[in-house]
Structure formats: C-alpha cells, structure tokens
Amino acid sequence: GMVLQEPAGAPSLSTAAGGVGDAAAEVQLSRLRWAVLLLFSSYSLCNAFQWIQYGSISNVFMRFYDVSAFAIDWLSMSYMLIYIPLLFPVAWLLDKRGLRLIALAGSALNAVGAWVKLGSLKPHLFPVTVLGQVICGLAQVFILGMPSRIASVWFGSHEVSTACSIAVFGNQLGIAAGFLVPPVLIPNVEDVEKLAYHISIMFFMTAGVASALFILVIIVFKEKPPNPPSRAQASIQSRLSAEYSYVQSIFRLLRNINFLLLMVTYGLNVGCFYALSTLLNRMVIHHYPGEEVNAGRIGLTIVLSGMVGALISGIWLDKTKTYKQTTLVVYIMSLVGMAVYTFTLSLGHLWVVFVTAGLLGFFMTGYLPLGFEFAAELTYPESEGTSSGLLNVSAQIFGIAFTIGQGQIMDRFGTKAGNLFLCSVLFLGTIMTAFIKTDLRRQQADLENEQT
C-alpha cells in the first residue's frame, strides 16, 4: 500500500513533465511523512503558545511588570510586526535550502526565546521578556509558511489538504493551550514574589518542551522523502533546478488577480482572529470581572472548535475539491458567528458566551488551512512557501491594524463597538471572496499527468 499504482506501460515522468527532469523518479509515499508532520505541528504548537501566553492573562502581567494594557498587547503584536519584513528572506531560504534548515532554525529560535524569558522574573525586567518574545517572533517567521509546503512535499494528492489542516492544527492547539494554561498556572495573587514563582513554572515548562522538540527535529526531520509523493510534485522537482527563479515567482504571484483577492480576504479574516485573540481577556473581564480563568476557557473554546472546523474542511476539500464554494461558505459563517458573539457578549450569561464563541471559532479558525490550500491550487506550480508567506504577511498587517484599531474603539466606545468593527471587516471580506474565480491548477496538473 506504499506505492501509488502506475498503469502498465506508463510513460516516464520526463514525458509527463514535458520532457524535463529525471525519468527514474517513482511516485511513492513515505511512512516517515506522519512523523515529520507531527513534529512540525508540535514545535508550531509551542511557538503559538508563547504568542498568546501574555495576552490570555494580560491584567496579571500588567500588574506584575507595572506596564499598560497597550504594552502587553504589543507582546502579541510583535509576532506580527517581525513577520512582515522577514517573510521574503525566509521564503527565499525555504526555496533555496529546503525544509530541514527552516525547521532547524524555527525550532532553535523557539527554544532560545523560551530560555531568555526565564531571565525576566522580576518586575523591572520587562525589556528582557520583550527580547524573549521577539526571538520567539523570529521563530514564527520560520514556521507559518510551512504547512502547505510540508503537505505538498511529503503527501499524496489524495491527502494533501488533510495534511495541511493537521499542520495548521498544531498552531491552533498551541493558541488553545495559551488560553487555557496561563490562567491555571498563574493565579491573580497580590504577592509579587508568589506571582514570580508561578510565572517561573510556566516559563520553565515552556523552555523544557521547546528544547526537547529542537533535539527531535535534529534527529527526525528530513529534507524530503526518497521519492516524490505525487505526479504534480515530481513535475515540480524536475523543473526546479533548471528554471526556477524566486524573484520571478513573486512577480507572477502578484500578477495573479485571483491570488491577490485571496491574499486580501485571508488577511481580513485572520487579522480579525488575531485581534479577537489578543483582546479577548480585556473584553471578557470588562463584562465579567474576576473571570480570568473563564476568559482563558472561552479562548480555548474558540480555538478547539476551530481545530475541528479546520480538520473537517481539510477532509472535505480532499473529497470534493470545491475550494471556492467551501471558502465562501466558511467566510459567510464567520461573519454570522462574529455578529452573534457581538450581541450576546454583554447579556450577563457566561454559558451563552461559550456557545457563541465556539460557533465563531469553528468557522473563523477553520478558515486558516482553507486559505493555504486554495492559494496552492490557484498558484501552482509556484512554491507553496512563497504563496502561504504572502498570505501570512497580509494577515500580520491586518492583525496589527485591527488589534490597535479595535483596542482604541473599545477604550472609547465599548466592546460592542469594537466587535462591530470586526463584523464590518468580515462583511467586506465575504464580498471580495465571491469575486475569486475557481482556477484549480494543481488539480489540473495531476489530472493531465494521470491521463498522460
């Protein structure tokens, strides 16, 4: 069951690829692919946990370091800000040096950032925790563009969307842990020494896990399988060395109107998710004072339901290949979920907030792998690292803008006005998504190669 069936007398891959490349390449699935995927998901989880670990108990860290809410928000936004200028150098490295180097760099920086934070356990050492968070933000640049690339390089055409969903799954699980664990480990106590002790436990645990994952990446993570997993991937590998130009690839992507529309709509949706995640603690505490633990659990609910949505959407795409229709439906439901959450947050019933947050998360977070895979289809045979990197830059830019904008609106006009702002953004994104044309180039390439 490891080798995809080849028709008797099938032409060589050099013929299928238009006469370019190695005729001996055999399409075959590697058993190691699941270990590589699980390991990536794990260190992506650890990095995402470090992104939101401050924001999920922002009021506690504000008091410990004696800084403003805006300063704590910037600990989350630093991840977004760092990503923007470094996307292109890292995407270039991914194309030139491959998956293993990027995996090593991402997991190493993640571990280093976690250890640096251990030097910030005094109230006057806020700059040290900022430095640790900046290093973790650097690690994220080596992580966010990987899911669709790992899926394409290691997985067959019938499982590539599911694999991408699982890769994104790890990042979302990390955000879920970032909402759940800090409120449990760090109670809102008055004694600064006790608070420092509880914070140290979280920082030590994170550093230990990040270091173990870095060692596993060194041992387990391979560049690519011995054989290409699909005919489309074999065709790409045969062309890359001879004709690939990174700069020309970016120009081709920026001339692709459907991809540009997707890039903006992806940024609008994921930017809303970033803003909602960063400001969730402030919103819930405003309406339900003293409920830090439940604020974390509401964040957990958003992400866990979104992980279910991501997995279902990945399996659905592998079965149906209805990229445009699925993306549009999920976008519309994200808007509906955001509207319901907005008008039920202030009702005074926490269980209602849990339900509406779960509905919102199922669609909003479930959208993430959809965007990656739709982009890979629209831009084939361009590198998935470059296309997903551009999607992430869009998300980071909008994420910073929406976090600052919603924070200011909440301070002046209240939480409902801030959430209505996000509703208007999602409405605009829904309209723009409707104009994206279905141009499934990767599916077409696989179909043509199979027919050949």
**Message:** I need the full set of residues from region 59-78 which are crowded, with 24+ Cβ neighbours inside 10 Å and of a type in the set (S, T, N, Q), in order please.
**Reply:** S76
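Pick from V168, V130: which is farther than 15 Å from S41 by Cα and of a type in the set (A, V, I, L, M)?
On the way: V168 fails: farther than 15 Å from S41 by Cα.
Answer to the check: V130.
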**Request:** Could you figure out which of (1) surrounded by fewer than 23 Cβ atoms within 10 Å (Cβ to Cβ); (2) at pLDDT below 80 isn't true of L81?
**Result:** (2)
**Message:** Need a quick list: helices (runs of 4 or more DSSP H) entirely within region 335-452 having at least 3 residues that are closer than 24 Å to L253 by Cα and either modelled with pLDDT under 85 or open to solvent by 10 Å² or more (accessible area, probe 1.4 Å) (or both).
**Reply:** 367-379, 384-413, 415-433, 441-451
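Residue under question is K122, and the condition is that it be basic (K, R), modelled with pLDDT of 85 or more and closer than 29 Å to L276 by Cβ; does it hold? Give the derivation first.
On the way: basic (K, R): yes; modelled with pLDDT of 85 or more: yes; closer than 29 Å to L276 by Cβ: no.
No: the conditions fail for K122.
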**Message:** Pairs needed: first member in region 192-217, within 15 Å of R63 (Cβ to Cβ) and free of Cβ contacts under 8 Å to residues at least 24 places away in the same chain; second member anywhere, part of a helix (DSSP H, G or I) and open to solvent by 10 Å² or more (accessible area, probe 1.4 Å); C-beta distance under 9 Å; at least 6 residues apart or different chains.
**Reply:** H198/L185
**Request:** Of the conditions (1) aliphatic (A, V, I, L, M); (2) touching a residue at least 24 places away in the same chain (Cβ under 8 Å); (3) under 17 Å from V141 (Cα atoms), L93 clears all except one; give me its number.
**Result:** (2)
**Asked** Regarding G156, is this residue open to solvent by less than 10 Å² (accessible area, probe 1.4 Å), out of contact with any helix residue (DSSP H, G or I) (no Cβ under 6 Å at 6 or more places or on another chain) and not acidic (D, E)?
**Response** yes
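Okay, residues lined up against (1) within 30 Å of Y380 (Cβ to Cβ); (2) over 17 Å from the mean Cα position of the chain (by Cα):
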| position | (1), (2) |
| --- | --- |
| S107 | yes, no |
| A111 | no, yes |
| L125 | no, yes |
| V130 | no, yes |
| V134 | no, yes |
| S157 | yes, yes |
| V160 | yes, no |
| S165 | yes, no |
| L173 | yes, no |
**Item:** Single condition F40 does not satisfy, out of (1) more than 19 Å from G296 (Cβ to Cβ); (2) modelled with pLDDT under 85
**Value:** (2)
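Among the residues of region 215-232, what is the count of those that are modelled with pLDDT under 90 and open to solvent by less than 20 Å² (accessible area, probe 1.4 Å)? Break it down into steps so the answer makes sense when it comes.
Narrowing region 215-232 to residues modelled with pLDDT under 90: 220-232.
Narrowing the set further to residues that are open to solvent by less than 20 Å² (accessible area, probe 1.4 Å) leaves 221, 225, 228-230, 232.
So the answer is 6.
The values are calculated or read from the model by the stated rules, or taken from the named source; none is laboratory data. Treat the numbers as computed from the prediction; the structure is a model and nothing was measured. Backbone-built Cβ (ideal geometry, glycine too); neighbour counts: all protein chains shown. SASA here: full protein model, heavy atoms, side chains in, ligands and nucleic acids out. Shrake-Rupley method; radii C 1.70, N 1.55, O 1.52, S 1.80 Å.
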